[in-house]
């Protein structure tokens with residue numbers, strides 16, 4: 001017996017809205033961790049937050065497109081690309097946390113400072129250097145770092161979108 005995600009959610013539109021709501025909740029949760037729990041996000045955390053925000057928009061629009069299955073499939077394809085980028089960033093950060101580089105003893109400047117003082121290309125380069133707090137593992141939930149949790153969430157989103165893309169469109173009656 002197999003259970004398809006879209007069958008559980010009822011319709012592709014409802015499933016898209018549900019995935020969008022999950023991404024909105026993740027962005028709100030990360031803001032809670034930052035502003036209430038006072039855990040400063042690293043540049044890679046911020047990139048993941050931006051990917052979740054972009055996914056929320058894509059999923060919510062996919063839920064609004066009505067019976068236009070081709071447009072929904074294109075939006076879900078965009079979601080797959082964003083999810084794969086998120087998996088890459090979360091996996092890279094998880095690797096930094098498991099095997100921190102020797103230079104990680106110093107913290108990197110904040111993202112806002114980097115944007116104020118560097119060009120966009122230099123900021124992009126530094127985001128993926130992962131110096132300093134990107135390898136910090138002091139904040140965990142159930143023994144997992146936020147990067148490891150994010151990696152699992154991105155993988156789950158990929159499976160859910162895959163189920164939606166495999167679903168055949170039924171004619172509207």
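The criterion of at least 3 residues that are over 18 Å from the mean Cα position of the chain (by Cα) and modelled with pLDDT under 75 is met, among helices (runs of 4 or more DSSP H) falling completely within the stretch 51-128, by 111-117, 120-127. In summary, residue 20 fulfils each of the numbered conditions (1) buried (at least 17 other Cβ atoms within 10 Å of the Cβ); (2) closer than 25 Å to residue 163 by Cβ; (3) in contact (Cβ under 8 Å) with a residue 60 or more places away in the chain with the single exception of condition (3). Taken together, the residues in the stretch 23-48 that are in a helix (DSSP H, G or I) and surrounded by fewer than 20 Cβ atoms within 10 Å (Cβ to Cβ) amount to 11. Among residues belonging to the stretch 52-64 that are crowded, with 17+ Cβ neighbours inside 10 Å and in contact (Cβ under 8 Å) with a residue 40 or more places away in the chain, point out the one that is nearest to residue 140 (Cα to Cα). Here the residue is 55.
The values are calculated or read from the model by the stated rules, or taken from the named source; none is laboratory data. Keep in mind the model is a prediction, meaning the values are calculated, not measured. Cβ atoms come from the backbone with ideal geometry, glycine included; neighbour counts cover every protein chain shown.
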